[in-house]
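Working notes, beginning with the structure itself.
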Amino acid sequence: MKLATYKDGSRDGQLVVVSRDLASAHYATHAAHHLRQALDDWNFIAPQLQDLYAALNAERARHAFPFDPRQCMAPLPRAGHWALAQAWEHGLESGPAADPGFRLGAGDGLCGPCDPLVLGAEQLEMDFGAGLAVVVGDLPQRASPAQALDGVRLVLLANAVQLHAGALSPVQRQPVTAFGPVAVTPDELGDAWAQGRLGLTLQTSWNGRRVGIADADEDMRWPFGELLAHLCATRPLRAGSIVGAGTVRQRGVENGARRDWPKGYHAIADKRAFEVQQDGQARTAFLRLGDSVRIEMKGNDGHSVFGAIEQEVVGLPASEPAGAVRPRALPVAEAAPDGGDGTGLQ
C-alpha cells in the first residue's frame, strides 16, 4: 500500500492512504491519525489501512479525494532515529569501504516533497543527494540481515541535502532531508524489491535538465538488510526509525584512458569528483538561489512509484515569525537527456 501525510497545522500531520496510481487519497482517521501511531501498532493498524487501500484502488472508497503532493509533509515528519549510510560506490574510492559509513541526520523536522530548500548563503555550497530510505518496526539487537529486512515497514524516496563548505562541522553539513510524497510497503514493489535492493530507475533533474538516470540496484554494495544489521550490532532499533542508503551512485564504464558515467549523477559532489578524475579540477558549481531539483523513481510500467520530490532553493528570510509557513516550490519541467559531456547527460 501507499501512505502519505497531509499538512494539518500539527507537527505530525494527518495520515492518508493513497491509490496505487497516486490519483486519489482517503483520510485514515478510522485507523490512525498519523503515521507514527500506525508504526507503533503496525500489526493491528496495517490491515485496516490495507483494506482502505484496496477499496481506494477499486474506486469503492466513499470519501476519496484527488491526491495533491503539494499538501504533503514528509511521510514521517519526525523520526527518533535518522541514520544515513553510503551504500553505493562510484569507482573513485581508493578501495572497498570497510563499513557503510553511517552518520546521524536531523530527524526532528524532516521536509515534505515540495518544501523549499532554504540556503543562508551560496558560500555554504548546498548539494542535493537523491537516494532511498526505509522505515522499520522494532528490531532486536544483533538482528541478522534477513531478520532486519523482515522488519522493513516502508520504503521512501529521499533527498539528503548536504553543505560542503570547509568551515562547517560534521553536524552542520546535513541540514535537512526531504522525502517523496508517498511511502510504499515492500510488497507493493513486487519483484523489484529483492534482497534489500530496489531494482527501479531513479531520475534526477536540476533546473529542468535531467542529470541522472540510474538503476538503483546496481553497484549497491550494502543492501538494506546489511545496513540495518550493522546498526543493530550493538543496540536495538525502535519502530519509526528511518535508515537511508545514501546517494545512488554508478561505477561508470571504461572509455579508453578515461572512465565515463553515461547514467549521470545524483549529487553535485559526485559530478565534481568525476571532473577532478578526468580533468584535474572541478568545474560544476553547487546549488544557487533560484535553482530547482526534481527527483523521481519510475516503476517498470513507467509510472511514478513514490511521487516526485520537487524543490526550489530560496534565501533565508530576513525575519520570520515563529511557526510561519514558507511558500512551496513551483513544479519543474523535465527535459529529455540530449548531451554531451562525460556523463552522457546534461
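Within the range 1-29, restricting attention to residues that are within 15 Å of Gly109 (Cα to Cα) and touching a Ser or Thr at 6+ places or on another chain (Cβ under 8 Å), the residue that is surrounded by the fewest Cβ atoms within 10 Å (Cβ to Cβ) is Asp12.
Being more than 22 Å from Tyr265 (Cα to Cα) and either of a type outside the set (A, V, I, L, M) or modelled with pLDDT of 95 or more (or both) narrows it down to one residue among Pro145, Pro116, Pro175; which is it? Spell out how you get there, then give the answer.
On the way: Pro116 fails: more than 22 Å from Tyr265 (Cα to Cα); Pro175 fails: more than 22 Å from Tyr265 (Cα to Cα).
Going through Pro145, Pro116, Pro175 in turn, just one is more than 22 Å from Tyr265 (Cα to Cα) and either of a type outside the set (A, V, I, L, M) or modelled with pLDDT of 95 or more (or both): Pro145.
Here is the figure for the range 103-161: residues that are under 19 Å from Gly225 (Cβ atoms) and not β-branched (Val, Ile, Thr) total 22.
Could you check the range 36-45 and list, in sequence order, the residues that are within 11 Å of Arg153 (Cα to Cα) and among the hydrophobic types (A, V, I, L, M, F, W, C)? Ala38, Leu39, Trp42 - these are the residues of the range 36-45 that are within 11 Å of Arg153 (Cα to Cα) and among the hydrophobic types (A, V, I, L, M, F, W, C).
What are the residue pairs meeting all of these: first residue in the range 201-215, first residue in the same structural domain as Gly264 (by TED's automatic domain parsing), second residue surrounded by fewer than 18 Cβ atoms within 10 Å (Cβ to Cβ) and of a type in the set (D, E, K, R), Cβ atoms under 7 Å, and 6 or more apart or on different chains? Sorted first by the residue in the range 201-215, then by its partner, the pairs are Thr201/Asp215; Thr201/Lys298; Gln203/Lys298; Ser205/Glu334; Gly208/Glu334; Arg210/Glu334. Scan the range 291-330 for residues that are among the aliphatic types (A, V, I, L, M), assigned to a loop (DSSP other than H, G, I, E, B) and at pLDDT 60 or above and the total you get is 4.
Going through Asp51, Asp127 one at a time, which residue ends up being modelled with pLDDT of 95 or more and outside the structural domain of Leu287 (by TED's automatic domain parsing)? Steps first, answer last, please.
Numbers: Asp127 fails: outside the structural domain of Leu287 (by TED's automatic domain parsing).
Of Asp51, Asp127, the one residue that is modelled with pLDDT of 95 or more and outside the structural domain of Leu287 (by TED's automatic domain parsing) is Asp51.
Residues of the range 148-161 that are more than 15 Å from Ala245 (Cβ to Cβ) and either crowded, with 21+ Cβ neighbours inside 10 Å or touching a residue at least 12 places away in the same chain (Cβ under 8 Å) (or both): Gly151, Arg153, Val161. Mind checking which residues of the range 237-289 are closer than 22 Å to Gly101 by Cβ, in a helix (DSSP H, G or I) and not charged (D, E, K, R)? Ile268, Ala269, Ala273, Phe274, Val276, Gln277 - these are the residues of the range 237-289 that are closer than 22 Å to Gly101 by Cβ, in a helix (DSSP H, G or I) and not charged (D, E, K, R).
Evaluated against (1) surrounded by 19 or more Cβ atoms within 10 Å (Cβ to Cβ); (2) touching a residue at least 40 places away in the same chain (Cβ under 8 Å), Ala32 falls short on exactly one condition, (2). Beta carbons closer than 6 Å, at least 6 apart along the sequence or on distinct chains, never pair a first residue in the range 225-249 that is outside the structural domain of Asp138 (by TED's automatic domain parsing) and within 25 Å of His266 (Cα to Cα) with a second that is among the hydroxyl-bearing types (Ser, Thr, Tyr) and surrounded by fewer than 23 Cβ atoms within 10 Å (Cβ to Cβ).
The values are calculated or read from the model by the stated rules, or taken from the named source; none is laboratory data. In this text the structure is predicted, and so the values were computed from the model without any measurement. When we count neighbours, we look across all protein chains shown, and the Cβ atoms used for this are built from the backbone with ideal geometry, even at glycine.
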